Amino acid sequence: MGRLELIWQQIQGMHFTDYLDIILVAFLIYKLLPLFRSTGTVRIAWVVGVIIVASLVTDALDLHAMSYILSQVLAVGLLALVVLFQPELRRMIDHLSNINLKNLLGTQKPQQEMVPVIAQTVRACEAMSRERIGALIVFARDNRLDEYFKTGTMIEGKVSEQLIRNIFFPKAALHDGAMIIRDGLVTAASCVLPLSESDRLSLDLGTRHRAAVGMSEVSDAVVVVVSEETGAISVAVGGMLKRHLAPQTLERLLRNELCPEETDEPENLVVKLYQKLQKKGKGGSADEK
C-alpha cells in the first residue's frame, strides 16, 4: 500500500506542464508506431536496438575491448545509419512531413463527400474488371503523397467513371502507372510507386500489385488494383493485400476506410486529450476555491 500511496501523491502533485509532457510523448509514439510497419524501418530499429543492448551488456561484464568498439560504433552510428538506410530514412521523413495538419488538429472537413467518389470508382473498377483492363488507384489520406505527384502528370479533375476508364484505357498516354485521388479529386496519373520487397507476397503477383502493397507500406494510403490478366479486384491497406473482391465488397471496404462514421465526440486524439485536460483543470480550480 505504501507504494500505491506514493504514486497517488506524485499524481496529485503533477502540474499542467506534466500532463502536457505526457500527452506530447503519447501522441509522438502514436504517430511513429505506424512507421514500423515497413520492413526497412524494422531493420533500422532492430540494428539500433542490438547495438544499444550489446553496449549495455559489455559495460556490465567489463569487456573493455568490445565496449570500446561499440562506443566507437555508437559515436559514428548516426552517420552510418544515414548512409546504409538512406531510402528507409527518406520514407520516414516523407511520411512525417506530409501528414495533414488539419487532421491532426481536428479541423478536417467531414469525409462524406467521398461517397460519390467511391461510387464512381467502384463502377469504373467493375467495368475495367469485366474488360480485363489493368488499373492502379491510390486514395491519399493523412499522408499527402506529394513526392509521387512529381513522377506523374497533374490532372486535378473531378472523379468520374468515364475519366478513370479513359485514363487506364490501354492505348491512353497515361495508362501506365498509378492514379492518385486526393481531397475528392483525381490529382495525378501515370505516377510511379515504390515496389514492396516483402517475401510474403504470392509469386504470381505482378508489378502492379507489388506497387500497391509498397505504397500501403510506406504511407496510410488505400490502393485499389485491377488485374489485367484475370480482372480480379484487390485492395492494399497497411501492407496487407485483400484479393478477389466483388464490387459490393470493394465499395464497403472503401467506405469503411475513407468515410469513418461521424460521432458526437471528436475522433482526433489531440482534441480528446485537450478536452480532458480542460475538464480536469476546471475541476482542480473549483477544489482550490
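The values are calculated or read from the model by the stated rules, or taken from the named source; none is laboratory data. None of these values were measured; they are calculated from a predicted model. Using ideal geometry, Cβ is built from the backbone for each residue, glycine included, and neighbour counts are taken over all protein chains shown. Calculation scope for accessible area: heavy atoms of the full protein, side chains included, ligands and nucleic acids excluded. Shrake-Rupley method; radii C 1.70, N 1.55, O 1.52, S 1.80 Å.
Under 6 Å between Cβ atoms, which residue pairs at least 6 apart in sequence (or on different chains) link something in segment 196-217 that is of a type outside the set (Asp, Glu) with a partner that is surrounded by 12 or more Cβ atoms within 10 Å (Cβ to Cβ) and in a helix (DSSP H, G or I)?
Filtered contacts from segment 196-217: 196/210; 196/213; 196/214; 196/217.
Check off (1) within 18 Å of residue 221 (Cα to Cα); (2) open to solvent by less than 50 Å² (accessible area, probe 1.4 Å); (3) modelled with pLDDT of 75 or more for residue 35 and give me the number that stays unchecked.
(3)
Among the residues of segment 140-158, what is the count of those that are open to solvent by less than 40 Å² (accessible area, probe 1.4 Å) and under 23 Å from the mean Cα position of the chain (by Cα)?
Number of matching residues: 7.
In segment 190-235, how many residues are among the aliphatic types (A, V, I, L, M), in a loop (DSSP other than H, G, I, E, B) and open to solvent by 10 Å² or more (accessible area, probe 1.4 Å)?
7
What pairs come out if I take residues in segment 219-236 that are closer than 15 Å to residue 170 by Cα and pair them with residues that are assigned to a loop (DSSP other than H, G, I, E, B) and of a type outside the set (D, E, K, R) whose C-beta lies under 7 Å away, six or more apart or interchain?
Sorted first by the residue in segment 219-236, then by its partner, the pairs are 226/133; 226/134; 227/134; 228/133; 228/134.
In segment 148-176, what residues are of a type outside the set (Gly, Ala, Ser) and assigned to a strand (DSSP E or B)?
153, 154, 155, 156, 158 - these are the residues of segment 148-176 that are of a type outside the set (Gly, Ala, Ser) and assigned to a strand (DSSP E or B).
I'd like the full set of residues that are in a strand (DSSP E or B) and either surrounded by fewer than 16 Cβ atoms within 10 Å (Cβ to Cβ) or of a type outside the set (A, V, I, L, M, F, W, C) (or both), limited to segment 177-189.
Hits for segment 177-189 are 182, 185, 187.
Six or more apart or on different chains, Cβ atoms under 7 Å: show the pairs whose first residue is in segment 159-176 and farther than 16 Å from residue 225 by Cβ and open to solvent by 30 Å² or more (accessible area, probe 1.4 Å) and whose second is in a loop (DSSP other than H, G, I, E, B) and small (Gly, Ala, Ser).
Within 7 Å, the pairs are 166/172.
Filtering segment 51-75 down to residues that are within 30 Å of the chain's Cα centre (by Cα) and open to solvent by 70 Å² or more (accessible area, probe 1.4 Å), which residue is modelled with the lowest pLDDT?
Filtering segment 51-75 for residues that are within 30 Å of the chain's Cα centre (by Cα) and open to solvent by 70 Å² or more (accessible area, probe 1.4 Å), the one modelled with the lowest pLDDT comes out as 74.
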